[in-house]
1. Considering only residues that are of a type in the set (F, W, Y) and in contact with a Gly (Cβ under 7 Å, 6 or more places away or on another chain), which ones fall in the stretch 66-107?
2. Consider G28 against the criteria (1) modelled with pLDDT of 95 or more; (2) of a type in the set (G, A, S); (3) surrounded by fewer than 16 Cβ atoms within 10 Å (Cβ to Cβ): it satisfies all of them except one. Which criterion is unmet?
3. Kindly evaluate V103 against the criterion of being within 16 Å of the ligand (Cβ to nearest atom) and surrounded by 15 or more Cβ atoms within 10 Å (Cβ to Cβ).
4. Within the stretch 48-61, is there a residue that is touching a helix residue (DSSP H, G or I) at 6+ places or on another chain (Cβ under 8 Å), in a strand (DSSP E or B) and surrounded by 16 or more Cβ atoms within 10 Å (Cβ to Cβ)?
5. Which of the residues spanning the stretch 20-67 are farther than 21 Å from G101 by Cβ and away from the ligand (no atom under 16 Å from the Cβ)?
6. How many residues does the stretch 1-39 hold that are within 13 Å of the chain's Cα centre (by Cα), more than 19 Å from I75 (Cβ to Cβ) and touching a residue at least 24 places away in the same chain (Cβ under 8 Å)?
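The values are calculated or read from the model by the stated rules, or taken from the named source; none is laboratory data. Everything numeric here is computed off the predicted structure, so don't read it as measured data. Heads up, the Cβs are rebuilt from the backbone with ideal geometry, glycines too, and the neighbour counts pull from every protein chain shown.
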Amino acid sequence: MNVATKQWVAVGQLNDIPRQGARCVKNGEMTIAVFRTSDDRIYALEDKCPHKNGPLSQGIVHDGCVTCPLHNWVISLETGTAQGADEGATLSFPTKLEEDGSVLIGL
Ligand code: FES
């Protein structure tokens with residue numbers, strides 16, 4: 001589920017995020033996991049699995065998805081939706097990668 005973008009917020013550098021890993025940033029009460037794929041694409045999802053709120057930032061990133069560390073639901077990094085037979089979605093946010101390696105997320 002995408003939310004309307006209000007502003008672009010810099011959340012650090014590409015190299016601050018491990019490949020196939022994530023880094024968390026706070027937005028008020030919400031924690032947002034910023035993911036980096038093996039080919040350096042960046043995605044941002046609320047750090048909350050649609051199943052039982054597992055920390056997606058601690059999951060395994062693969063094939064444009066993250067596997068939740070708690071019960072292995074597979075969540076699309078692009079849309080935040082659960083894949084396969086599972087149903088639900090977490091909030092997703094647009095991202096931008098600048099030439100200088102700055103990572104921005106749209107909030
Ligand atoms: S909390 Fe993520 S799969 Fe159960």
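1. From the stretch 66-107, those of a type in the set (F, W, Y) are 73, 93; that's our starting set.
If the condition is that a residue be of a type in the set (F, W, Y) and in contact with a Gly (Cβ under 7 Å, 6 or more places away or on another chain), then F93 is the only one that fits.
2. (1)
3. Details: within 16 Å of the ligand (Cβ to nearest atom): no; surrounded by 15 or more Cβ atoms within 10 Å (Cβ to Cβ): yes.
Spelling it out, it is not the case that V103 is within 16 Å of the ligand (Cβ to nearest atom) and surrounded by 15 or more Cβ atoms within 10 Å (Cβ to Cβ).
4. First, the residues of the stretch 48-61 that are touching a helix residue (DSSP H, G or I) at 6+ places or on another chain (Cβ under 8 Å): 48-49.
Right, trim to in a strand (DSSP E or B) and you get none.
Within the stretch 48-61, not a single residue is touching a helix residue (DSSP H, G or I) at 6+ places or on another chain (Cβ under 8 Å), in a strand (DSSP E or B) and surrounded by 16 or more Cβ atoms within 10 Å (Cβ to Cβ).
5. Once the filter is applied, which keeps residues that are farther than 21 Å from G101 by Cβ and away from the ligand (no atom under 16 Å from the Cβ), the stretch 20-67 yields K26, N27, G28, E29, M30, D63, G64.
6. Final tally of qualifying residues: 1.
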